[in-house]
1. Quickly run through segment 88-107 and pick out the residues that are open to solvent by less than 60 Å² (accessible area, probe 1.4 Å) and either touching a Cys at 6+ places or on another chain (Cβ under 8 Å) or not in a helix (DSSP H, G or I) (or both).
2. State all residues of segment 94-114 that are more than 30 Å from F155 (Cα to Cα) and either among the aromatic types (F, W, Y) or within 20 Å of the chain's Cα centre (by Cα) (or both); if no residue qualifies, say none.
3. Considering only residues that are more than 11 Å from L107 (Cα to Cα) and among the aliphatic types (A, V, I, L, M), which ones fall in segment 39-55?
4. Looking at the structure I just gave you, is Y251 out of contact with any Phe, Trp or Tyr (no Cβ under 8 Å at 6 or more places or on another chain), closer than 17 Å to V178 by Cβ, surrounded by fewer than 18 Cβ atoms within 10 Å (Cβ to Cβ) and not β-branched (V, I, T)?
5. With the condition being of a type in the set (F, W, Y), I'd like the helices (runs of 4 or more DSSP H) fully within segment 111-180 carrying at least 3 qualifying residues.
6. Under 23 Å from V187 (Cβ atoms) and in contact with a Lys or Arg (Cβ under 7 Å, 6 or more places away or on another chain) - does that describe any residue in segment 209-227?
7. What single numbered condition from (1) modelled with pLDDT under 95; (2) open to solvent by 20 Å² or more (accessible area, probe 1.4 Å) fails to hold for A201?
8. If a residue has to be closer than 17 Å to V46 by Cβ and either free of Cβ contacts under 8 Å to residues at least 24 places away in the same chain or open to solvent by 10 Å² or more (accessible area, probe 1.4 Å) (or both) to count, how many in segment 150-168 make the cut?
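The values are calculated or read from the model by the stated rules, or taken from the named source; none is laboratory data. Remember, predicted model here, so these are calculated numbers, not experimental data. Heads up, the Cβs are rebuilt from the backbone with ideal geometry, glycines too, and the neighbour counts pull from every protein chain shown. Calculation scope for accessible area: heavy atoms of the full protein, side chains included, ligands and nucleic acids excluded. Shrake-Rupley method; radii C 1.70, N 1.55, O 1.52, S 1.80 Å.
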Amino acid sequence: MLLAQRLPLYFRLVRLDKPIGTVLLLWPTLAALWIASSGHPDPLLVLIFTLGTFLMRSAGCAINDYADRDFDKYVKRTQERPITSGRIRAWEAVAVAATLALASFLLILPLNALTKWLSIPALFVAGTYPFTKRFLAIPQAYLGVAFGFGIPMAFAAVQDQVPMLAWILLLSNVFWSVAYDTEYAMVDRDDDLKIGIKTSAITFGRFDVAAIMLCYVVALGIQAGVGAYLGFGWPFWLGIAVAVGCAIYHYFLIRERERMPCFAAFRHNNWLGAAVFAGIAGHYLLTAHG
């Protein structure tokens with residue numbers, strides 16, 4: 001098969017047709033850039049971290065499909081993925097992931113040494129996450145670290161240090177990731193139980209909805225605490241209020257545990273993340289013109 005004919009398969013492999021994962025990584029990364037730079041991020045840094053987020057998420061999707069290639073055939077939603085369906089060989093997925101990870105590293109070459117050093121654990125966590133579903137009871141927490149590592153890297157790139165504030169924001173991201181990825185896992189719970197994959201939706205059991213809402217409370221509570229500590233104004237609190245409204249909306253979507261509403265709740269987290277970022281950016285914009 002010619003490369004031109006394989007490109008659509010590679011696009012599906014890295015989820016170019018499903019950008020929701022990229023934006024879920026991007027909102028907290030951009031928020032960290034804005035906070036680290038007091039609302040005045042270098043446009044080049046914004047570009048580097050935006051492209052890097054896209055590349056690393058794409059690489060993560062490729063390695064995820066490689067790791068899950070023997071499981072996906074038993075899950076209705078994933079049976080037609082390129083590797084599982086036999087249209088892409090396993091080694092091709094690894095090659096795609098390695099190429100994208102290398103491209104992401106090349107992006108940060110202009111940045112300081114600390115940011116480059118942090119890219120090593122970031123790559124390790126992103127590359128090993130798919131395998132944690134075999135032994136971790138809540139692999140979504142590990143995913144939260146992988147999805148949030150742009151936060152300490154953003155502070156490192158701006159300040160050449162990683163203050164405690166960055167790790168607190170990362171912790172918030174872990175709880176948010178557990179919330180939205182448990183909603184995602186609820187879609188496949190029946191299939192995952194059959195094949196032995198571990199997910200938070202299985203671990204939480206009948207307390208899944210309560211656990212998700214608690215994670216939202218903790219995640220947004222940490223964000224609110226950071227905002228209060230930094231003295232953020234009304235645009236931030238409006239953003240938090242909208243985010244809380246999104247979380248409440250998700251409760252009504254997931255409370256019956258039906259597949260498609262749970263998936264809709266997962267996708268709607270884009271707006272929750274956007275609201276928090278908009279509140280942060282709005283605060284700095286207001287103070288800049290105050």
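1. Across segment 88-107, the qualifying residue is only I88.
2. Across segment 94-114, there are no qualifying residues.
3. To start, the set of residues in segment 39-55 that are more than 11 Å from L107 (Cα to Cα) comprises 39-43, 46, 54.
Matches in segment 39-55: V46 only.
4. Working: out of contact with any Phe, Trp or Tyr (no Cβ under 8 Å at 6 or more places or on another chain): yes; closer than 17 Å to V178 by Cβ: yes; surrounded by fewer than 18 Cβ atoms within 10 Å (Cβ to Cβ): yes; not β-branched (V, I, T): yes.
Judged against the criteria, Y251 is a match.
5. Working: elements: 113-132, 139-148, 150-159.
In segment 111-180, the matching helices (runs of 4 or more DSSP H) lie at 113-132.
6. Within segment 209-227 (the criterion being under 23 Å from V187 (Cβ atoms) and in contact with a Lys or Arg (Cβ under 7 Å, 6 or more places away or on another chain)), the answer is yes, since at least one residue qualifies.
7. Unmet for A201, out of (1) modelled with pLDDT under 95; (2) open to solvent by 20 Å² or more (accessible area, probe 1.4 Å): (2).
8. Qualifying residue count, segment 150-168: 5.
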